[in-house]
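K.L.:
Questions regarding the structure given below will be posed in turn.
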Amino acid sequence: IVELETGAITKAEALIRWNHPTRGLVSPVDFIPLAEEAGLIVEIGYWVFQQAVTQVKQCKELLNVDITISVNKSPVQFRAATDHAEWLHYIDEQGLSGNSVIIEITEGLLMDDHENIINQFNIFRDAGIEVAMDDFGTGYSSLSYLKKFDIDYLKIDRSFTQNVAKGSEDLVLSEAIINMAHTLGLKVIAEGIETEEQLKLLTEVGCDYGQGYYFSRPLPEKEFRTMLEKNALLLLS
């Protein structure tokens, strides 16, 4: 996740992949719903969280680079609400602060039990963990939720980004989302940036961050650290 104004890699998103011994790479679209149904998603989610925190620590120790890694947390995990203390303890155990991690949620989560969700958000807030709303613009949540649930980042869905062009309706919509978010004190991350034109137009309308294949495909941890190191050196030169 690149800061568009400076070109600095300041954040990343943790993505899980299952390399099955006979089927090869299995998409999360296929196995995450099964994990939720089987009751395994909390355990998997905690493992992903641990890997993300470990990466933050290694980037700090090996490269002297501060990075924030976002972790997707499904509605099923929120409803379980049993792992927050464990998550916070692990961050503390690694000698890191809560702002090392961002929790990514979907709009649908905000339509669940409001009091329960607000309480959980307050736990994150007290620990310094920020919250990002993923795939913004594709769900049905009220804009009032953005204020009520104290969101920090909006992620513009790739369905808008992929059709961004000069004079296009999607560019107008993206700019409107960005302006609205900034008015509410939120930062904006554009997903799915794949071309230089998309990058240029989104930067011009004030988007804060971007991610997508234009910058990099998803990378294993060692390759990511190499990319991060090169980016840090490039910014210093």
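K.L.:
As a test of understanding, state the convex hull volume per residue of the stretch 57-198 from its alpha carbons, in Å³.
P.N.:
Spelled out: Cα convex hull of the stretch 57-198, divided by residues, is 124 Å³.
K.L.:
Another question, then. Separation of the stretch 1-35 and the stretch 85-137 by C-alpha centroid, Å?
P.N.:
19
K.L.:
A follow-up question, please. Above 21 angstrom, tally the Cα pairs of the chain and express them as a % of all pairs, no decimals.
P.N.:
Values: 16546 of 27966 pairs.
The answer is 59 percent, as a whole percent.
K.L.:
Starting from the 7 Å offset along Cα-to-Cβ, what nm value, one decimal, do you get for the label separation of Ser216 and Glu169?
P.N.:
3.6
K.L.:
Ok, one more. Share of the chain's accessible area from carbon and sulfur, percent, 1.4 Å?
P.N.:
52
K.L.:
Anyone know which of Lys155, Lys147, Lys11 comes out most mobile in the 10 Å Cα GNM of the chain?
P.N.:
Answer for the Gaussian network model of the chain: Lys147.
K.L.:
Sticking with this one: List the equivalent ellipsoid semi-axes of the stretch 157-237 in whole Å, largest first, each obtained as the square root of 5λ for an eigenvalue λ of the Cα gyration tensor. It would help to have the intermediate numbers written out before the result.
P.N.:
Working: eigenvalues 132, 42, 27 Å².
The answer is 26, 15, 12 Å, longest axis first.
K.L.:
Which value, in Å², gives the accessible area per residue of the chain when a 1.4 Å probe is used on the protein heavy atoms?
P.N.:
For the chain, the solvent-accessible area averages 53 Å² per residue.
K.L.:
OK, next. Using the reciprocal of the averaged 1/r over all distinct C-alpha pairs, how large is the Kirkwood radius of the stretch 33-79 in Å?
P.N.:
Result for the stretch 33-79 stands at 11.8 Å.
K.L.:
Another question, then. Could you work out the relative contact order of the stretch 16-139, using alpha carbon pairs under 8 angstrom and six or more residues apart, expressed as a whole percent?
P.N.:
Worked out over the stretch 16-139, it gives 21 percent.
K.L.:
Hey, another quick one. Name the most mobile residue of Gly95, Gly137, Gly212, meaning the one with the largest mean-square fluctuation, in a Gaussian network model of the chain with Cα contacts below 10 Å.
P.N.:
Comparing Gly95, Gly137, Gly212 in a Gaussian network model of the chain, the most mobile one is Gly95.
K.L.:
In a Gaussian network model over the chain where Cα atoms closer than 10 Å are linked, find which of Arg23, Arg125, Arg79 has the largest mean-square fluctuation.
P.N.:
Arg23
K.L.:
Report the dimensions of the stretch 1-103 along its three principal axes from the alpha-carbon atoms, largest first, rounded to Å.
P.N.:
40, 32, 26
The values are calculated or read from the model by the stated rules, or taken from the named source; none is laboratory data. Here the structure is a predicted model, which is why all the values come from computation and not from measurement. Because the Cβ atoms are built from the backbone with ideal geometry, glycine has one as well, and the counts that use them run over all protein chains shown. Side chains are part of the model used for accessible areas, which takes the heavy atoms of the whole protein and leaves out ligands, DNA and RNA. Shrake-Rupley method; radii C 1.70, N 1.55, O 1.52, S 1.80 Å.
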